[in-house]
1. Among (1) crowded, with 22+ Cβ neighbours inside 10 Å; (2) over 22 Å from Met197 (Cα atoms), there is one condition Ile221 misses while meeting the rest; what is its number?
2. In the stretch 255-268, is there at least one residue being among the aliphatic types (A, V, I, L, M) and free of Cβ contacts under 8 Å to residues at least 60 places away in the same chain?
3. What residue, among those in the stretch 96-125 that are among the hydroxyl-bearing types (Ser, Thr, Tyr) and closer than 15 Å to Leu223 by Cβ, is farthest from the ligand (Cβ to nearest atom)?
4. So how many residues does the stretch 153-186 have that are part of a loop (DSSP other than H, G, I, E, B) and over 23 Å from Leu108 (Cα atoms)?
5. Mind checking which pairs have a first residue in the stretch 315-335 that is over 24 Å from Leu295 (Cβ atoms) and a second that is part of a helix (DSSP H, G or I) and modelled with pLDDT of 95 or more, Cβ under 6 Å, 6 or more apart or different chains?
6. Please work out which residue is surrounded by the fewest Cβ atoms within 10 Å (Cβ to Cβ), limiting yourself to the stretch 116-132 and to residues that are aliphatic (A, V, I, L, M) and touching a Ser or Thr at 6+ places or on another chain (Cβ under 9 Å).
7. When you scan the stretch 139-152, how many residues do you find that are away from the ligand (no atom under 13 Å from the Cβ) and part of a loop (DSSP other than H, G, I, E, B)?
8. Name, by its number, the condition in (1) more than 14 Å from the chain's Cα centre (by Cα); (2) at pLDDT 95 or above; (3) not in a strand (DSSP E or B) that does not hold for Ile281.
Amino acid sequence: MDDRLLAKNRVSSKGRVKPKLVRVKVRSCIEARPLSDETCSCGAGRLFSYNKLGVQDRNLARSIHKPLTITTMNDPTDLPASSYIHGTAATEQHRLSKLNDLINEASLRELRLRGNENILDVGSGLGQFTRVMARAAGPGARVVGIEKDTQQLAEAVRQARASGEESLVDLRSGDALALPLRTEEWGDFDVAHARFMLEHVPDPLGVVRSMVRAVKVGGRIVLEDDDHDVIRLWPEPPGFALLWHAYIRTYDRLGNDAYVGRRLVSLLHEAGAVPVRNTWIFFGDCATGRNFDALAQNMIGILQGARATILAQGILDNAYFDGALETLDGWARRPDAALWYAICWAEGIRQS
Ligand SMILES: C[S@@+](CC[C@H](N)C(=O)[O-])C[C@H]1O[C@@H](n2cnc3c(N)ncnc32)[C@H](O)[C@@H]1O
């Protein structure tokens, strides 16, 4: 088996790893030319140029260039059964809570609630933003959160109780594609909202269609989601480009879209709503900024949490992963570091 054949066997044109057990001797996964869609001749899948990786760190450079052996390419059945890549471990729930602290104010500002609305929050997670919306909409509001994962839901209920806000929200177990709404609730909501959820489902259009059906004529559908391509770190931490690329690949391997953010307006249109507004919510900071540490730790936490799934793809090995993450941690302590990221935000109206 030569290297090219090996690469073909490992990664399909859609970037999916095929279920084949192979023993691979990789001599080097770096070629000094700027390629994007080609596979590396070493068989390591999509290629990032040496320069783009910006390997200036000697230890990392050695770990990248040293011969490494990947003994197995995992069958997709080895992946977690859930398509929710982040999982529900306590550390992950802690990360999600901190993330809420960082963005809820901006999400609420863009949402422009008028008060007393009936609100549906799809993929409500720990329910923190669901409760923020309920507080903002006031005592006349009725707010329903739908969450598929029972552990996530249990923690959401616990937090709502602990804050004495259990009665503010109706948190329900259910799937975004089969919303657990009563007959009279369909077409009765003023606002249907989903944040960081469409990126975790294989059929985001199906979800948006359900959200359109859930709101009344004239009601609003508000979507907030990631487009992982928009991230910029400077000075670029060596190894980060390939690490982030490997993280992004986990989405399509699970059948999800890591770039769904850019599609929000067209999803609204395809689902039969009239898109009326789109914007970005800035989600970055510079080293001296108030939120920088929390944002950098959120990014590191995301990567750490997805470690097993990232490594299962075989795009990079343990040593590379750990080296790049350590370098990223060092970058986060630089006084000149800057993180640029933005959340895609779009709003549509149900017309008929
Ligand atoms: C990243 S969290 C975001 C939670 C919340 N919207 C927020 O912004 O804090 C995504 C949530 O969507 C949930 N989820 C994923 N797929 C789902 C589905 N098909 N139906 C309902 N919830 C789903 C996950 O379990 C997870 O709690």
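1. Of the numbered conditions (1) crowded, with 22+ Cβ neighbours inside 10 Å; (2) over 22 Å from Met197 (Cα atoms), the odd one out for Ile221 is (2).
2. yes
3. Filtering the stretch 96-125 down to residues among the hydroxyl-bearing types (Ser, Thr, Tyr) leaves 97, 107, 124.
Of the ones still in play, those that are also closer than 15 Å to Leu223 by Cβ are 107, 124.
On the way: Ser107: 8, Ser124: 6 Å.
This residue is Ser107.
4. Within the stretch 153-186, the subset part of a loop (DSSP other than H, G, I, E, B) is 163-165, 174, 176-177, 179-182, 186.
Cutting the leftovers down to over 23 Å from Leu108 (Cα atoms) gives us 174, 177, 179-182, 186.
Residues in the stretch 153-186 being part of a loop (DSSP other than H, G, I, E, B) and over 23 Å from Leu108 (Cα atoms): 7 in total.
5. Close Cβ pairs (under 6 Å, with a partner that is part of a helix (DSSP H, G or I) and modelled with pLDDT of 95 or more) amount to Ile315/Ala246.
6. Checking each candidate, the answer is Val132.
7. 3
8. Of the numbered conditions (1) more than 14 Å from the chain's Cα centre (by Cα); (2) at pLDDT 95 or above; (3) not in a strand (DSSP E or B), the odd one out for Ile281 is (3).
The values are calculated or read from the model by the stated rules, or taken from the named source; none is laboratory data. Because the structure is a prediction, the values reported are computed rather than measured. Reconstructed Cβ throughout: ideal geometry from the backbone, glycine too, with neighbour counts over all protein chains shown.
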